[in-house]
Amino acid sequence: MAAAPRYKRILLKLSGEALQGSQGYGVDAEVLRTISEEVKEVVGLGVEVALVIGGGNIFRGLSAAASGMDRASADYMGMLATVMNSLALQDALEQRGVYTRVMSAIEMKEVAEPYIRRRATRHLEKGRVVIFAAGTGNPYFTTDTAAALRAMEVHADVLMKATKVDGVYDKDPHKHKDAVRYTRLTYLDVLARGLNVMDSTAISLCKENSLPILVFNMLGRDNIRRVVCGEELGTLVCAE
C-alpha cells in the first residue's frame, strides 16, 4: 500500500535550469515528461499542487543587468521566460490528463489567467494543478521570493525547492568532497551562514510566517512523491 501523503497542499519550486536537462538551453522534452509524470502521481494521492518555475534556461535577468541592461527591463524579460516555461509544463501535464491552470502576475489573458488569490485557491480545491508564472510581477524580486509569497497566499503546508543536489551543504558538494549535508536547519542558520537555499528575502518571508522549506534532489526517480509522503530526503528548513 502506498504511504499516505504528509502534506495536503504543497508549492513546488523548480529552477528554469532544471528544465533544460543536458541541452544547456531551452526546454528538454524528456525532463518535462519526467516532471509531469511525477506531479501526476502526487496529484493522484490527493495532494493539491502549485508550482513556480524560474526562467534561467531562457533568460537570466541578473546576468543581463550585470552586462549593462537596465535591471527592471532585464527582470521583466526574465518574467516572460517563466511564462514560456509554465506553458510548456502545462502542456506536458495536460497531455497526461492533469487539469492545469497557468496564472500570470503580468496580464496576458490570451495565454494565461491573471493571478487572483481566491481563484487560485479554488483551482487547488478542485484538484487542478496551478502554475504561478511571471514571478511577483515586479522587478527586483526573484522567483524564490515569488514562490514563498504564493505559498503563503494559498496557505501551502510546505514550500518544496527541487534542486540538482540532495539538500543543503555547508559548501559546494561539486567542488568539495568533504562538504557536509544538513538534514535540518533553522531560518536563522540559513541567513547567518549565508547558505545557498533561497535568497534572503524569501527566507525572511518564510521565517515570519513559519512556512517550512524542504530542499531536495529532483533528479531521483519518485523523489517528489517520496518527500510528499514524508520520507527523510534532503534538508528541512523550519523554526527552532
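Structure notes:
- Residue within segment 215-226 that is open to solvent by 50 Å² or more (accessible area, probe 1.4 Å), without any contact (Cβ under 8 Å) to a residue 12 or more places away in the chain and touching a strand residue (DSSP E or B) at 6+ places or on another chain (Cβ under 9 Å) present: yes
- Hey, ALA105 touching a strand residue (DSSP E or B) at 6+ places or on another chain (Cβ under 8 Å) and open to solvent by less than 10 Å² (accessible area, probe 1.4 Å) or not: no
- The set of residues in segment 100-129 that are hydrophobic (A, V, I, L, M, F, W, C), out of contact with any Ser or Thr (no Cβ under 7 Å at 6 or more places or on another chain) and free of Cβ contacts under 8 Å to residues at least 60 places away in the same chain comprises MET103, ILE106, MET108, VAL111, ILE116.
- All of ASP189, ASP144 fail the test of being open to solvent by less than 50 Å² (accessible area, probe 1.4 Å) and in contact with an Asp or Glu (Cβ under 6 Å, 6 or more places away or on another chain), apart from ASP144.
- Residue count for segment 93-134, restricted to those that are at pLDDT below 95 and in contact with a Phe, Trp or Tyr (Cβ under 6 Å, 6 or more places away or on another chain): 0.
- Residue check for PHE132: open to solvent by less than 20 Å² (accessible area, probe 1.4 Å), under 25 Å from PHE216 (Cβ atoms) and touching a residue at least 40 places away in the same chain (Cβ under 8 Å): yes
- The helices (runs of 4 or more DSSP H) located wholly in segment 100-218 that include 2 or more residues which are among the polar types (S, T, N, Q) and more than 15 Å from the chain's Cα centre (by Cα) occupy 200-208.
- So LEU62, is it open to solvent by 10 Å² or more (accessible area, probe 1.4 Å) and either hydrophobic (A, V, I, L, M, F, W, C) or closer than 22 Å to GLY26 by Cα (or both): yes
- Some residue of segment 12-22 being touching a residue at least 24 places away in the same chain (Cβ under 8 Å), open to solvent by 30 Å² or more (accessible area, probe 1.4 Å), in a loop (DSSP other than H, G, I, E, B) and in contact with a strand residue (DSSP E or B) (Cβ under 9 Å, 6 or more places away or on another chain): yes
- Of the criteria (1) modelled with pLDDT of 95 or more; (2) more than 20 Å from ALA151 (Cβ to Cβ); (3) touching a Leu at 6+ places or on another chain (Cβ under 8 Å), which one GLU48 fails: (2)
- Options VAL180, VAL228: the member that is of a type outside the set (Lys, Arg) and under 18 Å from LYS8 (Cα atoms): VAL228
- Qualifying residues in segment 73-102 (those that are of a type in the set (S, T, N, Q) and open to solvent by less than 80 Å² (accessible area, probe 1.4 Å)) - the one nearest to ALA146 (Cα to Cα): THR82
- From the list PRO212, PRO173, the one residue that fits, being of a type outside the set (Asp, Glu) and either free of Cβ contacts under 8 Å to residues at least 12 places away in the same chain or buried (at least 22 other Cβ atoms within 10 Å of the Cβ) (or both), is PRO173.
- Condition met for ASP70 (open to solvent by 10 Å² or more (accessible area, probe 1.4 Å), closer than 25 Å to PRO212 by Cα and of a type in the set (Asp, Glu)): no
The values are calculated or read from the model by the stated rules, or taken from the named source; none is laboratory data. None of the values given here were measured: they were computed from a predicted structure. Don't worry about glycine lacking a Cβ; one is built from the backbone with ideal geometry, like all the others, and counts go over all protein chains shown. Note: accessible area is taken over every heavy atom of the protein model, side chains too, but ligands, DNA and RNA are not part of it. Shrake-Rupley method; radii C 1.70, N 1.55, O 1.52, S 1.80 Å.
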